[in-house]
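Enquirer: Below is one structure. I have some questions about it.
The values are calculated or read from the model by the stated rules, or taken from the named source; none is laboratory data. Quick caveat: nothing in here was measured; it's all calculated off a predicted structure. Ideal geometry is used to build each Cβ from the backbone, glycine not excepted, and the neighbour counts take in all protein chains shown.
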Amino acid sequence: MWSQEGEYVAFSESVYAIGAVEDWLGKIEAMMKQSIYDVTKRAFQQYPSDGTQRDEWLFNYAAQPILTIDMVYWTAGVSHAIMEIQSGRENDALKTYRNFSERQLKAMISLVRGNLDAL
């Protein structure tokens, strides 16, 4: 499937236009959802362990899975930092996570200031 901006996501399985139109259109819609789910799951599994060296990872997937996984990791990082503070293990955990987030942003800023294609 192609987005309006030109991003491509392959269907996880083929869908054929056979039978009643409302049946195969429904199957196409279901496969669109399944394919995005599958790509998002793969992006999650391949998220770089460092978290700041994500250049290649960012360009291997469509925008929607990347944004979703970024939100998942950000939420997990902030939640972990709050739990560290609440448990008394690290009082500066949110500041530490903010510094990590700033390193991520700086890496992305330098990436987008480079040579990018229109997509």
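Enquirer: Can you tell me which of (1) over 27 Å from Arg98 (Cβ atoms); (2) out of contact with any helix residue (DSSP H, G or I) (no Cβ under 6 Å at 6 or more places or on another chain) is the one Val9 doesn't meet?
Expert: Just one mismatch for Val9, condition (2).
Enquirer: Among (1) modelled with pLDDT under 95; (2) under 19 Å from Asn99 (Cα atoms); (3) among the charged types (D, E, K, R); (4) in a helix (DSSP H, G or I), where does Asp50 come up short?
Expert: (4)
Enquirer: Looking only at the stretch 1-45, which residues are in contact with a Leu (Cβ under 9 Å, 6 or more places away or on another chain) and either at pLDDT 95 or above or more than 20 Å from Asp117 (Cβ to Cβ) (or both)?
Expert: Ala17
Enquirer: Got a number for residues in the stretch 61-74 being among the aliphatic types (A, V, I, L, M) and surrounded by fewer than 16 Cβ atoms within 10 Å (Cβ to Cβ)?
Expert: Of the residues in that region, 4 qualify.
Enquirer: OK, next. From Gly77, Gly51, which residue is surrounded by 12 or more Cβ atoms within 10 Å (Cβ to Cβ), within 17 Å of the chain's Cα centre (by Cα) and at positive phi?
Expert: Working: Gly77 fails: at positive phi.
Just a single option satisfies the conditions, and that option is Gly51.
Enquirer: Looking only at the stretch 1-29, filter to residues that are small (Gly, Ala, Ser) and part of a loop (DSSP other than H, G, I, E, B); which one of those is nearest to Asn60 (Cα to Cα)? Even if it seems obvious, please write down each step before you answer.
Expert: Kept after step one, since they are small (Gly, Ala, Ser), are these residues of the stretch 1-29: 3, 6, 10, 12, 14, 17, 19-20, 26.
Cutting the leftovers down to part of a loop (DSSP other than H, G, I, E, B) gives us 3, 6, 10, 12, 14, 17, 19-20.
Working: Ser3: 16, Gly6: 14, Ala10: 13, Ser12: 16, Ser14: 22, Ala17: 29, Gly19: 35, Ala20: 36 Å.
Top of the filtered list is Ala10.
Enquirer: Another question, then. Output the residues belonging to the stretch 20-48 that are hydroxyl-bearing (Ser, Thr, Tyr) and either surrounded by 14 or more Cβ atoms within 10 Å (Cβ to Cβ) or over 9 Å from Pro65 (Cα atoms) (or both). Full working, then the answer.
Expert: Within the stretch 20-48, the subset hydroxyl-bearing (Ser, Thr, Tyr) is 35, 37, 40, 47.
Residues satisfying the conditions are Ser35, Thr40, Tyr47.
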